[in-house]
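Engineer: Below is the structure I would like to discuss, written out as structure tokens.
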Amino acid sequence: MWRVSQLQEEANAHARKIEEAIIGYQTLAEEKDWVGTLFLGNYMRVHLMPEQYRLWREMEE
């Protein structure tokens with residue numbers, strides 16, 4: 001049971017990091033007056049760990 005709890009905590013941490021990166025991108029896009037999501041993939045690749053980036057890509061599909 002402890003292992004399941006630990007895995008859930010890790011998954012939640014990854015989800016929070018992805019959410020924070022999306023919010024960071026949205027804030028930057030508003031400041032720079034970017035339109036659309038042209039730079040979103042590059043931004044996420046830079047601001048997320050590889051595993052988080054892979055999870056984000058899977059969520060986008």
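Any read-out appearing in this document is the output of simple, stated calculations on the displayed coordinates, not a laboratory observation. Just so we're clear, the structure is a prediction, and the values are computed from it rather than from any experiment. Every residue, glycine among them, receives a Cβ derived from its backbone with ideal geometry; neighbour counts consider all protein chains shown.
Engineer: Cβ under 13 Å from GLU51's Cβ, GLU51 left aside: what net charge do those residues give with Lys, Arg +1 and Asp, Glu -1?
Structural biologist: Neighbour charge sum, excluding GLU51 itself: +2.
Engineer: Please list, in order along the stretch 6-17, the HN-Hα scalar couplings obtained from phi with the Karplus expression 6.51 cos²θ - 1.76 cosθ + 1.60 (θ = phi - 60°), rounded to whole Hz, x for Gly and Pro.
Structural biologist: Karplus values, whole Hz, x for Gly and Pro: 5, 4, 5, 4, 5, 4, 5, 5, 4, 4, 5, 5.
Engineer: Sticking with this structure for a sec: In Å and whole numbers, how far do the C-alpha atoms of the chain stretch along each principal axis, longest first?
Structural biologist: On the principal axes, the chain reaches 47, 19, 17 Å in Cα extent.
Engineer: Further, regarding this structure: Quote the FRET efficiency, to the nearest 0.05, computed for GLN26 versus GLN6 with a Förster distance R0 of 30 Å and r equal to the Cβ-Cβ distance.
Structural biologist: Computed FRET efficiency for GLN26 and GLN6: 0.45.
Engineer: If a paramagnetic tag sat 7 Å from the Cα of GLU58 along the Cα-Cβ line, which residues of the stretch 1-33 would have the backbone N under 16 Å from that point?
Structural biologist: Under 16 Å, as judged by backbone N against the label point of GLU58, lie 7-19 of the stretch 1-33.
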